[in-house]
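The values are calculated or read from the model by the stated rules, or taken from the named source; none is laboratory data. Everything numeric in this text was worked out from a predicted model, so none of it was measured. Glycine also receives a Cβ, built like all others from the backbone with ideal geometry; neighbour counts cover every protein chain displayed.
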Amino acid sequence: SPYWRDLVTYIANCNLSVYVPPSSERLRTGLLEQQKTRVNKLLEYQKLTWEQHGVSIVSDGWTDLQRHPLINFIATSANGLIFLKAIDASDEYK
């Protein structure tokens, strides 16, 4: 992605000598759990509006880089979208 390349170039050109990134242990435990909790609270709020305003489930098919056919399921409402699930449809026939 050109955006990723631009981000890495920008960071490399910054004077970040005082910044100490979190350890991989901290990233995959505490920080990940904090973000998971935060995202779940945001999603819960959005789901509470579904009964009052309605919700639709939509699907979208695509093929990944390994050429696996995938089907995404997404909940859409007035407050936005929530990705629900993706399934590999390799074993399914049209």
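Consider the stretch 69-90 and keep the residues that are touching a residue at least 24 places away in the same chain (Cβ under 8 Å) and either of a type outside the set (A, V, I, L, M, F, W, C) or not in a strand (DSSP E or B) (or both). The one that is farthest from L48 (Cα to Cα) is A89.
Of the residues Y10, Y3, Y93, the single one that is modelled with pLDDT under 90 and in a loop (DSSP other than H, G, I, E, B) is Y93.
Here the condition is being surrounded by 10 or more Cβ atoms within 10 Å (Cβ to Cβ), in contact with a strand residue (DSSP E or B) (Cβ under 8 Å, 6 or more places away or on another chain) and over 30 Å from S90 (Cα atoms); of W62, W50, it holds for W50 alone.
Can you pull out every residue in the stretch 51-68 that is in a loop (DSSP other than H, G, I, E, B), at pLDDT 90 or above and either on the phi < 0 side of the Ramachandran plot or of a type in the set (A, V, I, L, M) (or both)? Listed by number, the list holds a single entry, V55.
Residues that are of a type in the set (F, W, Y) and either at pLDDT 85 or above or assigned to a helix (DSSP H, G or I) (or both) within the stretch 13-50 comprise Y45, W50, listed in sequence order. Does T37 fit the bill of being farther than 30 Å from I11 by Cα and out of contact with any helix residue (DSSP H, G or I) (no Cβ under 7 Å at 6 or more places or on another chain)? Here the answer is no, as T37 does not meet what is asked.
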